[in-house]
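S.K.: One structure is given below, represented as structure tokens, and several questions about it will come after.
The values are calculated or read from the model by the stated rules, or taken from the named source; none is laboratory data. All of these numbers come straight from a predicted model, not from anything done at the bench. Here the Cβ positions follow ideal geometry from the backbone for every residue, glycine too, while neighbour counts run over all protein chains shown.
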Amino acid sequence: MAEAGTQDGPKTAWLFPGQGAQEVGMGRDLFDAFAESREIFEEADEALGRSLSQVIFEGPDEVLRETVNTQPAILVASLAAWRAATVAGHEALKGAPVCTAGHSMGEYSALVAAGALTVSEAVRLVAKRGELMQAAGEQNPGTLAAVLGMDEADVQAVCEESGAEICNLNATGQIVVGGTVPAVEAAAALAEERGARRVVMLNVGGAFHSSLMTPAAEAMAPIIAEAEVSDPVTPAIGNVEAEPLATADDVRADLTAQIRRPVRWRDTVLRMQAMGVEQYVEMGPGRVLTGLVRTTLRPLKPAQMPALVNISDRESVGG
């Protein structure tokens, strides 16, 4: 599962995106070109008892954007790219990875690639996670805003005054805050007053990774506790502490906590850097994560900057 080849070549991390990277039609060329990718889609449809593939390939966009569909859809599209690239012998996947990592829901994709979850179990868990997070967003309405150009301490001070919470520490100078709409609007105003370069209100279905997601986390806890989880074969960096998850119990604890705890992606990138990673390979729709890696590691000299590779479709796979 996790072994893609030998240890030759640069030390590599495999990255998997989370919610927000979706688009209608993603993965269709991989489905058509690679039997191994097609099996991912078919396994997901069977695990869910419905045609998620049809939603992914045909939409409409407003249906795909529903959290209950978006989360398993990105998981499937990401794993289809991973499976195709592995089978095709993509140059970037010839060496076994140092670690895997995924942003938010992408952590499930990373755990499949790390050997901790099967495809069907990950699909089942992510679909339930999406359903519960969508319900929590309806029960506890909230939103998110991206604050650009402020450090964590200053954003934390803004949150303490406004009642908002830090939800994603995405990269140096890029932090997402969440909470009730009034709290986030107040935080946005304070951040702008105190020198944020820009604040962007996000079009989302809830204050993900905040305390408003507590009902979802509590409902997912027994489901995750009973899930079939193995010790990762390859270290998978968890979202909550930005440290490698070594055991099945570590995986269960992180997946439960990350629903209402901040995604520490910047710290995850720095942890991977400390592990000696020289190449970051993002597998799945979009290029968000390699962009965040570049932003976080920008202080490095050009010669020290790691290689950034994106694999999302048949052309980038090389098939």
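S.K.: Mind checking which residues of the range 274-284 are on the phi < 0 side of the Ramachandran plot, surrounded by fewer than 18 Cβ atoms within 10 Å (Cβ to Cβ) and in contact (Cβ under 8 Å) with a residue 24 or more places away in the chain?
M.R.: Passing the criteria: Met275, Glu278.
S.K.: Kindly indicate whether Asn239 is part of a loop (DSSP other than H, G, I, E, B), in contact with a strand residue (DSSP E or B) (Cβ under 8 Å, 6 or more places away or on another chain) and modelled with pLDDT of 95 or more. Steps first, please.
M.R.: On the way: part of a loop (DSSP other than H, G, I, E, B): yes; in contact with a strand residue (DSSP E or B) (Cβ under 8 Å, 6 or more places away or on another chain): yes; modelled with pLDDT of 95 or more: yes.
Yes: the conditions hold for Asn239.
S.K.: Another question, if that's okay. Determine if the range 112-126 includes at least one residue that is charged (D, E, K, R), closer than 30 Å to Ser51 by Cβ and buried (at least 18 other Cβ atoms within 10 Å of the Cβ). Reasoning before the result, please.
M.R.: Of all residues in the range 112-126, those charged (D, E, K, R) come to 121, 124.
Now drop any that are not closer than 30 Å to Ser51 by Cβ, which leaves 121, 124.
From the residues that got through so far, the ones that are buried (at least 18 other Cβ atoms within 10 Å of the Cβ) too are 121, 124.
Among the residues of the range 112-126, at least one is charged (D, E, K, R), closer than 30 Å to Ser51 by Cβ and buried (at least 18 other Cβ atoms within 10 Å of the Cβ), which makes the answer yes.
S.K.: Sticking with this one: In the range 273-319, which residues are under 20 Å from Pro235 (Cα atoms), part of a helix (DSSP H, G or I) and of a type in the set (A, V, I, L, M, F, W, C)?
M.R.: Answer for the range 273-319, where residues must be under 20 Å from Pro235 (Cα atoms), part of a helix (DSSP H, G or I) and of a type in the set (A, V, I, L, M, F, W, C): Ala274, Leu289, Val293.
S.K.: Let me ask something else. How many residues, within the range 127-140, are touching a Gly at 6+ places or on another chain (Cβ under 8 Å) and buried (at least 24 other Cβ atoms within 10 Å of the Cβ)?
M.R.: 2
S.K.: Could you please let me know if Arg287 is surrounded by fewer than 19 Cβ atoms within 10 Å (Cβ to Cβ), at pLDDT below 95 and under 21 Å from Gln22 (Cβ atoms)?
M.R.: Numbers: surrounded by fewer than 19 Cβ atoms within 10 Å (Cβ to Cβ): yes; at pLDDT below 95: yes; under 21 Å from Gln22 (Cβ atoms): yes.
Yes; evaluated as a whole, the condition is true for this residue.
S.K.: If you don't mind, another one. Applying the selection to the range 290-318, what residues are surrounded by 17 or more Cβ atoms within 10 Å (Cβ to Cβ) and of a type outside the set (S, T, N, Q)?
M.R.: Across the range 290-318, the qualifying residues are Leu292, Val293, Arg294, Leu297, Pro306, Leu308, Val309, Ile311, Asp313, Arg314, Val317.
S.K.: Of the numbered conditions (1) in the same structural domain as Leu297 (by TED's automatic domain parsing); (2) surrounded by fewer than 24 Cβ atoms within 10 Å (Cβ to Cβ); (3) of a type in the set (Lys, Arg), Arg197 fails exactly one; give the number of that condition.
M.R.: So Arg197 meets the others, but not (1).
S.K.: Scan the range 239-253 and report the pairs whose first residue is closer than 11 Å to Ile224 by Cα and whose second residue is assigned to a helix (DSSP H, G or I), with Cβ atoms within less than 8 Å and a gap of 6+ or a chain change.
M.R.: Val251/Leu111; Arg252/Ile224; Arg252/Ala225
S.K.: Can you spot a residue in the range 64-72 that is touching a residue at least 24 places away in the same chain (Cβ under 8 Å), among the hydrophobic types (A, V, I, L, M, F, W, C) and over 22 Å from Asn310 (Cβ atoms)?
M.R.: yes
S.K.: Would you be able to tell me the number of residues in the range 244-262 that are among the aliphatic types (A, V, I, L, M), buried (at least 19 other Cβ atoms within 10 Å of the Cβ) and farther than 22 Å from Val233 by Cβ?
M.R.: Looking only at the range 244-262, we keep the residues that are among the aliphatic types (A, V, I, L, M), and these are 245-246, 248, 251, 253, 255, 257, 259.
Now narrow it down to the ones that are buried (at least 19 other Cβ atoms within 10 Å of the Cβ): 245, 251, 255, 259.
Remaining after also requiring farther than 22 Å from Val233 by Cβ: 259.
Final tally of qualifying residues: 1.
S.K.: Now for a different question. Considering only residues that are within 13 Å of Leu255 (Cα to Cα) and either outside the structural domain of Val98 (by TED's automatic domain parsing) or among the hydrophobic types (A, V, I, L, M, F, W, C) (or both), which ones fall in the range 113-131?
M.R.: Passing the criteria: Ala116, Leu117, Ala122, Leu125, Val126.
S.K.: I need a count of the residues in the range 154-165 that are under 24 Å from the mean Cα position of the chain (by Cα) and surrounded by fewer than 22 Cβ atoms within 10 Å (Cβ to Cβ).
M.R.: Total meeting the criteria: 1.
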